[in-house]
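Q: The structure is given below, and queries will be raised subsequently.
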Amino acid sequence: MIYLMAFLVGGTICALGQIILDVFKLVPIYITSLFVSLGAMFDTFGLYDKLVEKAGAGATMPISSFGHSLVHSALEKAEQVGYIGILTGIFNLTAAGIAASIIFAFFIALIFRPKG
Amino acid sequence: MKLGKQSIVFDHVYLGQAAVATGPKEKLGPLGSYFDQTYDDLYCGAKTWEKAEMQLMRDAIENCLTKNNIGSGEIDCFIGGDLNNQIIIGNYVMRDYDIPYLGVFGACSTSVEGLIIGAGMINGGSFNRVLAGTSSHNATSERQFRYPTEYGGQKPDTLTFTSTAAGVILLCDNATDLRLSGVTLGMVIDAKLNDPLDLGRAMAPAAFSTIEAHFRDFNTKPEDYDLIVTGDLSYYGKAMLIKLFKEINIDITDRYNDCGLLLYDRFQQEVFAGGSGCGCCAAVTYGYLLSKLRDKTYKKILVVATGALLNPVIVAQKETIPGIAHAAVIERIGE
């Protein structure tokens, strides 16, 4: 069941992105920002968490999950240490992803060169 | 001599030999055999994309000088431009030459813009030999105007593929077999379109304006030319131009084509709506069309280089993308 939900939820998020890209002629970076913002908004009241519970990777793989993680970790830290936690905790959940992309990009750039 | 509102007639401007250097995709295209030098690698033996484009420009200049059997010291001026910020390709290539240099920018209309300025210098009697050249490179353009290819942004069908090519031609005042008999200067025409992924249709009204003015100024009609080519209107812009002319009851269908559709096989080569870039019009005109004039397939052609005056910064500020087109008549002397 979770596989089906992952497919449906993930697919719906991506289809929405494609429709927005085609209909409104937005440049890709706007779509990315839009979905990060939407994910952040849906984290309020734990909506995105419920989605992750039901759909698993279908909700955590799209970029909207990045927005969700930012807000989620900021709020979590704020609960522990007060308002300063919004600033200190914001990258707690995403730090691994960001660091990994920088490190992998560095090694890939050492080995390969762009073809086009 | 000025003709009409925006045209000039030249009586003693001749075309010497031209030279074209291209990248791999242009080599594999239908016109590959018409180019003087081609590379199998997009880097063209250089370390970066910009340096690759400089290499193409340098190759085109060297081949052009050799084919005309003249030294760089005999050239009065080089007029060149490209699509990079501060037109760096021409600027840096010309460091190595003892030729006076004018850098020009007309987006992809630069090739004919160079011809117009050079022809004016020669017809005025000031200069005897002028080189006009231009270049573009797929990877430098993608980064300049869109995204680096590695970014992986989706590409719609209306997108054109910037050609990797440089073309250089000699203009001179001593008679050869081809002459540049007239030009029509274009005006900036804004079709109020703002999609940087559909430049063909943004430029078509500019091409229409210039060609229509050309017919009016020279009192000619499409039948007076064996071929009318635009630079890089794409499949969609080409259809739009034909339609714009149909609206004023002029049919150009049977003798009109677009350099970007000639340079590549659109169905086999993954170039989306066709080729584009400064080098597209230059490679097709200087490589292929001059050969066709010389082998007597054509007698008189109208080359209309089309430029989308695109700047990513101003488009991000919700501005539109104006276009410009300049036309040149090239004809064979004698029968």
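Q: Sort out which residues of the stretch B:262-291 are of a type in the set (Val, Ile, Thr) and under 15 Å from the mean Cα position of the chain (by Cα), and write them in order of number.
A: Answer for the stretch B:262-291, where residues must be of a type in the set (Val, Ile, Thr) and under 15 Å from the mean Cα position of the chain (by Cα): B:284, B:285.
Q: Moving on. Of the residues B:105, B:78, which single one is more than 15 Å from the chain's Cα centre (by Cα), under 24 Å from residue B:330 (Cα atoms) and at pLDDT 95 or above? It would help to see each step written out before you state the result.
A: On the way: B:105 fails: more than 15 Å from the chain's Cα centre (by Cα).
Of the residues listed, the single one that is more than 15 Å from the chain's Cα centre (by Cα), under 24 Å from residue B:330 (Cα atoms) and at pLDDT 95 or above is B:78.
Q: Please enumerate the residues belonging to the stretch B:158-167 that are hydrophobic (A, V, I, L, M, F, W, C) and within 11 Å of chain A (Cβ to nearest Cβ).
A: Looking only at the stretch B:158-167, we keep the residues that are hydrophobic (A, V, I, L, M, F, W, C), and these are B:159, B:161, B:165-166.
B:161 - this is the single residue of the stretch B:158-167 that is hydrophobic (A, V, I, L, M, F, W, C) and within 11 Å of chain A (Cβ to nearest Cβ).
Q: Which pairs do you get when a residue that is assigned by TED's automatic domain parsing to the domain that holds residue B:94, found in the stretch B:39-52, comes within reach of a residue that is β-branched (Val, Ile, Thr) and outside any loop (DSSP other than H, G, I, E, B), reach meaning Cβ atoms under 7 angstrom, with the pair 6+ apart or on two chains?
A: Correct list of pairs: B:49/B:140; B:50/B:88; B:50/B:140.
Q: Only one of A:114, A:62, A:28 is under 14 Å from the mean Cα position of the chain (by Cα), under 23 Å from residue B:151 (Cα atoms) and surrounded by 13 or more Cβ atoms within 10 Å (Cβ to Cβ); which?
A: Numbers: A:114 fails: under 14 Å from the mean Cα position of the chain (by Cα); A:28 fails: under 14 Å from the mean Cα position of the chain (by Cα).
That would be A:62, the only listed residue that is under 14 Å from the mean Cα position of the chain (by Cα), under 23 Å from residue B:151 (Cα atoms) and surrounded by 13 or more Cβ atoms within 10 Å (Cβ to Cβ).
Let's see how each residue does on (1) farther than 16 Å from residue B:18 by Cα; (2) in the same structural domain as residue B:233 (by TED's automatic domain parsing); (3) crowded, with 18+ Cβ neighbours inside 10 Å; (4) touching a Cys at 6+ places or on another chain (Cβ under 8 Å):
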position	(1), (2), (3), (4)
B:265	yes, yes, no, no
B:298	yes, yes, yes, no
B:303	no, yes, yes, yes
B:312	yes, yes, no, no
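Q: On the basis of being within 26 Å of residue B:146 (Cα to Cα) and not charged (D, E, K, R), does residue A:90 make the cut?
A: Numbers: within 26 Å of residue B:146 (Cα to Cα): no; not charged (D, E, K, R): yes.
No, not satisfied.
Q: Now a separate question. Could you identify the single residue in B:242, B:228 that is more than 27 Å from residue B:144 (Cα to Cα) and outside any helix (DSSP H, G or I)?
A: Working: B:242 fails: outside any helix (DSSP H, G or I).
Of the residues listed, the single one that is more than 27 Å from residue B:144 (Cα to Cα) and outside any helix (DSSP H, G or I) is B:228.
Q: If you go through the stretch B:1-25 one residue at a time, how many are away from chain A (no Cβ under 14 Å), not in a loop (DSSP other than H, G, I, E, B) and not basic (Lys, Arg)?
A: Residues of the stretch B:1-25 that are away from chain A (no Cβ under 14 Å), as a first pass: B:1-22.
Now narrow it down to the ones that are not in a loop (DSSP other than H, G, I, E, B): B:2-3, B:7-9, B:14-22.
From what is left, the residues that are not basic (Lys, Arg) are B:3, B:7-9, B:14-22.
Looking only at that region, the number is 13.
Q: Among the residues of the stretch B:79-91, is there at least one that is part of a helix (DSSP H, G or I), touching an Asp or Glu at 6+ places or on another chain (Cβ under 9 Å) and surrounded by 17 or more Cβ atoms within 10 Å (Cβ to Cβ)?
A: Yes, the stretch B:79-91 contains a residue that is part of a helix (DSSP H, G or I), touching an Asp or Glu at 6+ places or on another chain (Cβ under 9 Å) and surrounded by 17 or more Cβ atoms within 10 Å (Cβ to Cβ).
Q: Name every residue in the stretch A:45-74 that is without any contact (Cβ under 8 Å) to a residue 40 or more places away in the chain and polar (S, T, N, Q), in order of residue number.
A: If we filter the stretch A:45-74 for residues that are without any contact (Cβ under 8 Å) to a residue 40 or more places away in the chain, which is where we start, we get A:45-50, A:52-53, A:60, A:63, A:65-74.
Those that are without any contact (Cβ under 8 Å) to a residue 40 or more places away in the chain and polar (S, T, N, Q): A:60, A:65, A:69, A:73.
Q: Going by the structure shown, is residue B:111 within 19 Å of residue B:324 (Cα to Cα), within 14 Å of chain A (Cβ to nearest Cβ) and not in a strand (DSSP E or B)? Show your work before the answer.
A: Working: within 19 Å of residue B:324 (Cα to Cα): yes; within 14 Å of chain A (Cβ to nearest Cβ): no; not in a strand (DSSP E or B): yes.
For residue B:111, the condition - within 19 Å of residue B:324 (Cα to Cα), within 14 Å of chain A (Cβ to nearest Cβ) and not in a strand (DSSP E or B) - is not met.
Q: If you scan the stretch B:263-299, which residues turn out to be part of a helix (DSSP H, G or I) and closer than 17 Å to residue B:204 by Cα? Walk me through it before giving the result.
A: Within the stretch B:263-299, the first condition is being part of a helix (DSSP H, G or I), and the residues that meet it are B:263, B:278-294.
Answer for the stretch B:263-299, where residues must be part of a helix (DSSP H, G or I) and closer than 17 Å to residue B:204 by Cα: B:278, B:280, B:281.
Q: Sticking with this one: Do you know which residues across the stretch B:139-157 are part of a helix (DSSP H, G or I) and facing another protein chain (nearest Cβ under 7 Å)?
A: First pass over the stretch B:139-157, keeping only residues part of a helix (DSSP H, G or I): B:139-145, B:149-151.
If the condition is that a residue be part of a helix (DSSP H, G or I) and facing another protein chain (nearest Cβ under 7 Å), then B:139, B:149, B:150 are the ones that fit.
Q: While we're on this one: Quick one: would you say residue A:40 is in a helix (DSSP H, G or I) and within 14 Å of another protein chain (Cβ to nearest Cβ)? Quick ask: steps written out before the conclusion?
A: Numbers: in a helix (DSSP H, G or I): yes; within 14 Å of another protein chain (Cβ to nearest Cβ): no.
No; evaluated as a whole, the condition is false for this residue.
Q: Against the definition (under 11 Å from the mean Cα position of the chain (by Cα) and closer than 20 Å to residue B:152 by Cα), how does residue A:37 come out, yes or no? Show your work before the answer.
A: Numbers: under 11 Å from the mean Cα position of the chain (by Cα): yes; closer than 20 Å to residue B:152 by Cα: no.
It is false that residue A:37 is under 11 Å from the mean Cα position of the chain (by Cα) and closer than 20 Å to residue B:152 by Cα.
Listed here are the residues, each with its yes/no results for (1) within 14 Å of chain A (Cβ to nearest Cβ); (2) modelled with pLDDT of 95 or more; (3) in contact with a Phe, Trp or Tyr (Cβ under 9 Å, 6 or more places away or on another chain).
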{"residue": "B:176", "(1), (2), (3)": "no, yes, yes"}
{"residue": "B:181", "(1), (2), (3)": "no, yes, yes"}
{"residue": "B:185", "(1), (2), (3)": "no, yes, no"}
{"residue": "B:193", "(1), (2), (3)": "yes, no, no"}
{"residue": "B:198", "(1), (2), (3)": "yes, no, yes"}
{"residue": "B:203", "(1), (2), (3)": "no, yes, no"}
{"residue": "B:211", "(1), (2), (3)": "no, yes, yes"}
{"residue": "B:214", "(1), (2), (3)": "no, yes, no"}
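Q: Hey, could you check the stretch A:71-116 for residues that are among the β-branched types (Val, Ile, Thr), assigned to a helix (DSSP H, G or I) and closer than 19 Å to residue A:37 by Cβ and say which is farthest from the other protein chains (Cβ to nearest Cβ)?
A: Going through the stretch A:71-116, the residues among the β-branched types (Val, Ile, Thr) turn out to be A:71, A:81, A:84, A:86, A:88, A:90, A:94, A:98, A:102-103, A:108, A:111.
Retained after the next criterion (residues that are assigned to a helix (DSSP H, G or I)): A:71, A:81, A:84, A:86, A:88, A:98, A:102-103, A:108, A:111.
This time we only want the ones that are closer than 19 Å to residue A:37 by Cβ, so: A:71, A:86, A:98.
Values: A:71: 26, A:86: 30, A:98: 17 Å.
Filtering first and then ranking leaves A:86.
Q: While we're looking at this one, here's another question. If the requirement is being out of contact with any Gly (no Cβ under 9 Å at 6 or more places or on another chain), away from chain A (no Cβ under 14 Å) and closer than 30 Å to residue B:11 by Cβ, which of these qualifies: B:68, B:85, B:128? I'd like the intermediate steps shown before the answer.
A: Working: B:68 fails: out of contact with any Gly (no Cβ under 9 Å at 6 or more places or on another chain); B:85 fails: closer than 30 Å to residue B:11 by Cβ.
After applying the criteria, what remains is B:128.
Q: For the stretch B:4-39, enumerate the residues that are surrounded by fewer than 16 Cβ atoms within 10 Å (Cβ to Cβ) and farther than 21 Å from residue B:290 by Cβ.
A: The answer is B:4, B:5, B:28.
Q: Working carefully through the options B:211, B:228, B:250, B:189, find the one that is free of Cβ contacts under 8 Å to residues at least 60 places away in the same chain and either among the hydrophobic types (A, V, I, L, M, F, W, C) or within 24 Å of residue B:120 (Cα to Cα) (or both). Step through it out loud before you land on a result.
A: Working: B:211 fails: free of Cβ contacts under 8 Å to residues at least 60 places away in the same chain; B:228 fails: free of Cβ contacts under 8 Å to residues at least 60 places away in the same chain; B:189 fails: free of Cβ contacts under 8 Å to residues at least 60 places away in the same chain.
It is B:250.
The values are calculated or read from the model by the stated rules, or taken from the named source; none is laboratory data. Remember, predicted model here, so these are calculated numbers, not experimental data. FYI the Cβ positions are ideal-geometry reconstructions off the backbone, even for glycines, and counts take in every protein chain you see.
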